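Working notes, beginning with the structure itself.
The values are calculated or read from the model by the stated rules, or taken from the named source; none is laboratory data. Small disclaimer: the values here were computed from a predicted structure and weren't measured. Reconstructed Cβ throughout: ideal geometry from the backbone, glycine too, with neighbour counts over all protein chains shown.
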Amino acid sequence: MKGTLRQPAPRWCRSLTDPAWDSPATNGFAIDRLHDPVATWTPFGLLGGKAGAVAKGLAVFAVSLGASRAGAALLRRAPPVGRVL
């Protein structure tokens, strides 16, 4: 239909335009810088745990992915750091 106006996103969906949900290409450098220390030190925190290797591996994957993406989004909001990242 030509000439139709695009409706604004619903209120619940507006948070998806947050920098945290930007594509990995946009946040790739920041995610890469933050991922290495998190992915390296998270397994050391799990060494004393009683969980199996698969559970620990999934936990490390989830923590490193979530922490690096969230950290990248937070750092990109800071004006001096956001210009670099």
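Key figures for this structure:
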{"read-out": "Selection status of residue 49, modelled with pLDDT of 80 or more, surrounded by 10 or more Cβ atoms within 10 Å (Cβ to Cβ) and not in a helix (DSSP H, G or I)", "value": "yes"}
{"read-out": "Contacts under 6 angstrom Cβ, first residue in the range 52-63 being among the charged types (D, E, K, R), partner surrounded by 12 or more Cβ atoms within 10 Å (Cβ to Cβ), 6 or more apart", "value": "56/46"}
{"read-out": "Test: residue 70 is part of a helix (DSSP H, G or I), loosely packed, with under 14 Cβ neighbours inside 10 Å and in contact (Cβ under 8 Å) with a residue 40 or more places away in the chain", "value": "yes"}
{"read-out": "The range 43-74, residues that are closer than 21 Å to residue 26 by Cα and over 11 Å from the mean Cα position of the chain (by Cα)", "value": "61"}
